[in-house]
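Q: Okay, handing you the structure first.
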Amino acid sequence: MVQKVKDNLREMRAQISIPEYLFWWATRVFMLLYIIKQFRGDHKWIDYLLPVLVGTGTFAVLLLRLVFPRKSMFGRLSFHLQTFISLMAVTGSIGNYFGLYSTNGILHYDWILHVVSGVPVTMLGYYLLVAMNGKKTRLTPQICACASMGFSFMVIIAWEIMEFCGDYLFGDNNQKYNWEIVPEDPFYKLFTSSASGMEQAPLDDTIVDMSTAFFVTIFTGIVLYIVLKRRERKQETSTQEDKKLEVAV
């Protein structure tokens with residue numbers, strides 16, 4: 001086990017840049033402060049559990065690589081994945097920590113999260129695909145981009161289902177902005193001008209969130225394809241040059 005820890009730490013140092021590593025620890029320190037704040041207050045049981053789970057998630061990649069054998073997909077996860085997991089953890093938790101989801105906070109912080117989430121979730125799909133595949137088959141840029149976007153689409157739909165279940169089972173208000181309280185809200189003006197008015201506000205919220213995340217996912221997938229395609233061409237060029245050198249020798 002000690003050797004496994006050393007091997008993983010060695011791989012982590014080889015993969016991760018210093019800014020990424022510092023970002024990890026900044027996220028972990030913030031999550032600790034968030035957990036302490038939650039346990040000092042009077043909340044529902046789930047409000048205590050979620051920060052602990054999210055805080056543990058800031059160590060997710062290393063923990064998975066230590067628990068699972070190297071031959072499994074979780075034992076091969078790229079440490080770069082931790083950066084995107086930490087990004088999701090901190091952006092979601094900041095909203096609760098500073099009360100940004102309330103009407104006194106940033107207008108539509110929830111919607112802003114859906115804009116941001118399309119990037120890390122798409123990259124999450126990419127790194128899971130690479131780890132799952134290992135070195136079995138060649139993953140083309142097209143396959144990587146499409147599979148990553150498909151994974152993100154599934155997460156987007158699953159998230160909205162979770163919000164519906166939370167509202168249905170616990171009486172939460174996940175699927176409805178406080179439009180009635182903030183009449184200057186542009187979304188309020190948009191949806192109240194529809195034929196159904198505010199009667200389908202939860203549905204409007206769901207469609208806006210999904211559409212936003214879908215578009216960001218597609219954009220991220222296109223960027224991912226371009227980056228991987230350029231990397232592939234560089235590798236092909238390098239291989240061809242190596243062969244020419246071998247022939248010349």
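Throughout, read-outs are computed from the coordinates displayed, never taken from laboratory work. Fair warning: this is a prediction, and the values are worked out from it, not measured in the lab. Because the Cβ atoms are built from the backbone with ideal geometry, glycine has one as well, and the counts that use them run over all protein chains shown.
Q: Could you pull out the chymotrypsin sites (Phe, Trp or Tyr not before Pro) across the range 4-60 that fall in loop regions by DSSP (anything but H, G, I, E, B) with no more than 16 other Cβ atoms inside 10 Å? The partial results should precede the final answer.
A: Values: sites: TYR21, PHE23, TRP24, TRP25, PHE30, TYR34, PHE39, TRP45, TYR48, PHE59; in loops: PHE59.
Of the chymotrypsin sites (Phe, Trp or Tyr not before Pro), the ones in loops of the range 4-60 whose Cβ has at most 16 other Cβ atoms within 10 Å are PHE59.
Q: Translational diffusion coefficient, Stokes-Einstein: compute it for the range 113-173 using the Kirkwood radius over C-alpha pairs as Rh, at 10 °C and 1.306 mPa s, and state it as an integer in µm² s⁻¹.
A: Working: Rh = 13.0 Å.
Answer, rounded: 122 µm²/s.
Q: Would you list THR58, THR122, THR206 from fewest to most Cβ contacts within 10 Å?
A: Details: THR58 22, THR122 27, THR206 19.
So the ranking, lowest neighbour count to highest, is THR206, THR58, THR122.
Q: Okay, moving on. Over 22 Å between Cα atoms: which of LYS71/LYS135; LYS4/LYS71; LYS71/LYS234; LYS4/LYS234; LYS6/LYS71; LYS136/LYS229 fall into that group?
A: On the way: LYS71/LYS135 11 Å; LYS4/LYS71 13 Å; LYS71/LYS234 29 Å; LYS4/LYS234 33 Å; LYS6/LYS71 17 Å; LYS136/LYS229 20 Å.
Check vs 22 Å cut-off fails for LYS71/LYS234; LYS4/LYS234.
Q: Return THR56, THR91, THR217 ranked ascending by Cβ neighbour count within 10 Å, so the fewest neighbours appear first. List each step's numbers first, then the result.
A: Details: THR56 12, THR91 16, THR217 24.
By the 10 Å Cβ count, ascending, the order reads THR56, THR91, THR217.
Q: If you add up the charges near LEU66, with Lys and Arg at +1 and Asp and Glu at -1, over every other residue whose beta carbon is less than 13 angstrom from its beta carbon, what do you get?
A: Values: positive: LYS4, LYS6, ARG65, ARG70, ARG76; negative: ASP7, GLU11.
Its environment carries a net charge of +3.
Q: Please report, in cubic angstrom per residue, the volume enclosed by the convex hull of the alpha-carbon atoms of the range 31-164. Working shown, then result.
A: On the way: hull volume 16.5 nm³, N = 134.
For the range 31-164, the hull spanned by Cα atoms encloses 123 Å³ per residue.
Q: Tell me, what HN-Hα J-couplings in whole Hz come from the Karplus equation 6.51 cos²θ - 1.76 cosθ + 1.60 at θ = phi - 60° for each residue of the range 13-20, using x for Gly and Pro?
A: Those phi angles translate into 5, 6, 8, 9, 7, 4, x, 4 Hz.
Q: Using bins 10 angstrom wide from zero, how does P(r) for the range 1-98 break down, in % of all Cα pairs?
A: With a bin width of 10 Å, the distribution comes to 15, 42, 28, 13, 1.
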